[in-house]
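Asker: Pasting a structure here, questions to come.
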Amino acid sequence: MSAILLAAVFCAAPSPWRALSPGLELGEFKMGALSSHGDSTATVLRIDPKRWRLSLESAKREGLPSGIAAPRWASLKDLTAVVNAGMFDLEDARSPVGYARVDRVELKSKANRYQGYLVAEPTEPGLAPVRILDVAADDVKSLLPKYRIVLQGLLMVNAKGQNAWPPRQRKWSAVVFALDAQGRMLWIHCRSPYEPHTFIELLRRLPLDVARMVYMEGGPEASLWARAGGETIERTGSYETDFNENDDNRRFWDIPNVFGIRPSAPAAAP
């Protein structure tokens, strides 16, 4: 086969991404290893932070007695897409497990041992609109005050691009928040359960160009919802070792904190 023909074949290869709206794309990726349950597929929303603003919504800030399901969050706050904003505190079900803040309102005032921070909405020019900070590599103390949105979380891929999660025996459905090498947000949902270290390795082999990643939630509570381009995307989790060892859950569970996106306001005319 000639070089010209090879180039033509390569150029004709279909993209794994489908545009839902400018700056918002959907991809479905086989994980590369079969899970014990489900279709072994990851659903990914790729989001350009130049076109979409990230928000952190909270039952505590809204004065709600408990969480609500992802589609209801979208309706309540006029969000195009919604995903879990981390795990919640068992002693205070409306609070995240790690430190969290929106503007000056702290959703959880005490930091824990987690090594990652997801930050968004900078208050100073020149800063990236969304970042995942690694405590071992970044000046977290000076950077956190420069962002309106802060959420501490379990680091999955660190600043060196390494798998930061040690191997375990347990497995579960999962939803995670990553950034690719171009700074685009990746909301990744996988209903099929995997052991987390293996899950990370499989994601790193996919054509996602993952640079950093933090864990959001697992089991039946893992939620991803979006409505754009005339489509509604609904993804729920199910399996979790020692909690819900089946693939039967099909409903969105109530969750107290979510990330959502809205279109960015167009730039003002000069």
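The values are calculated or read from the model by the stated rules, or taken from the named source; none is laboratory data. Quick caveat, the model's predicted, so the values are computed rather than measured. Positions of Cβ are generated from backbone atoms using ideal geometry, with glycine treated the same way; all protein chains shown enter the neighbour counts. Accessible surface is based on the protein model in full, side chains and every heavy atom, while ligands, DNA and RNA are left aside. Shrake-Rupley method; radii C 1.70, N 1.55, O 1.52, S 1.80 Å.
Asker: Accessible area per residue for the chain in Å², computed with a 1.4 Å probe and the full protein assembly in place, what is it?
Answerer: On the way: 13070 Å² over 270 residues.
Solvent-accessible surface per residue comes out at 48 Å².
Asker: Loop only by DSSP, 16 or fewer other Cβ within 10 Å of the Cβ. Give me the GluC sites (Glu not before Pro) in region 14-105 that pass, ordered by residue number.
Answerer: Glu91
Asker: Amide H of Ala164: which non-local residues (sequence gap of 5 or more, or other chain) have their own amide H closer than 5 Å, using H built in the peptide plane?
Answerer: Close amide H contacts, sequence-distant or interchain: Val157, Asn158.
Asker: Something else: Near the amide H of Arg212, under 5 Å away, which other amide H atoms are found, from residues 5 or more places off or on another chain, if H is placed in the peptide plane?
Answerer: HN-HN under 5 Å from Arg212: Leu179.
Asker: Sort all Cα-Cα distances of the chain into consecutive 5 angstrom bins from zero, then give the percent of pairs in each bin up to the one containing the longest distance.
Answerer: Reading upward from the zero bin: 1, 6, 12, 17, 20, 18, 13, 7, 3, 2, 1, 0, 0, 0.
Asker: Here's another thing I want to ask about it. In whole Å, how far is the Cα centre of region 172-193 from that of region 89-112?
Answerer: 22
Asker: Using θ = phi - 60° and the Karplus form 6.51 cos²θ - 1.76 cosθ + 1.60, what ³J(HN,Hα) does each residue of region 148-155 get, whole Hz, x for Gly and Pro?
Answerer: Those phi angles translate into 6, 10, 9, 9, 7, x, 6, 6 Hz.
Asker: Putting +1 on Lys and Arg Cβ atoms and -1 on Asp and Glu Cβ atoms, find which of Val44, Val105, Leu20 reaches farthest to the positive end of the dipole of region 14-109.
Answerer: Positive-end residue among those listed: Leu20.
Asker: Ok, one more. Based on the Kirkwood radius over alpha-carbon pairs, what value in µm²/s does the Stokes-Einstein equation return for the translational diffusion coefficient of region 143-270 at 4 °C and 1.567 mPa s?
Answerer: The diffusion coefficient I find is 80 µm²/s.
Asker: Could you pull out the trypsin sites (Lys or Arg not before Pro) across region 199-270 that fall in loop regions by DSSP (anything but H, G, I, E, B) with no more than 12 other Cβ atoms inside 10 Å?
Answerer: Those satisfying the criteria are Arg250, Arg251.
Asker: Can you pull the semi-axes for region 26-117, root of five times each eigenvalue of the Cα gyration tensor, sorted largest first, whole Å?
Answerer: Whole-Å semi-axes of the equivalent ellipsoid: 27, 18, 15.
Asker: Could you derive backbone 3J(HN,Hα) for region 124-132 from the dihedral phi with the Karplus parameters 6.51, -1.76 and 1.60 (θ = phi - 60°), listing whole Hz in sequence and x where the residue is Gly or Pro?
Answerer: Whole-Hz 3J(HN,Hα) from phi for region 124-132: 10, x, x, 8, 4, x, 9, 9, 10.
Asker: What ³J(HN,Hα) values, in whole Hz, does the Karplus curve 6.51 cos²θ - 1.76 cosθ + 1.60 give for region 179-190 when θ = phi - 60°, with x put for Gly and Pro?
Answerer: Values, residue by residue: 10, 8, 5, 9, x, 7, 6, 10, 9, 10, 10, 10 Hz.
Asker: Could you check how much of the accessible area of the chain is carbon and sulfur, as a whole percent, using a 1.4 Å probe?
Answerer: 52
Asker: A further question on this structure: Can you give me the C-alpha center-to-center distance between region 134-155 and region 201-219, rounded to a whole angstrom?
Answerer: When both Cα centres are located, 19 Å separates them.
Asker: Where the only charges are on Cβ atoms (+1 Lys, Arg; -1 Asp, Glu), what is the dipole of region 195-267 about its Cα centre, to the nearest 20 debye?
Answerer: Taking the Cα centre of region 195-267 as origin, the dipole is about 520 debye.
Asker: Would you mind checking Lys60/Lys110; Lys60/Lys108; Lys108/Lys171 for any pair whose Cα atoms are more than 20 angstrom apart?
Answerer: Violating the 20 Å limit, Cα to Cα: Lys108/Lys171.
Asker: Another question about this same structure. I need the trypsin sites (Lys or Arg not before Pro) found in region 146-185, filtered to DSSP loop residues with at most 13 other beta carbons within 10 Å of theirs.
Answerer: Lys160, Arg168, Arg170
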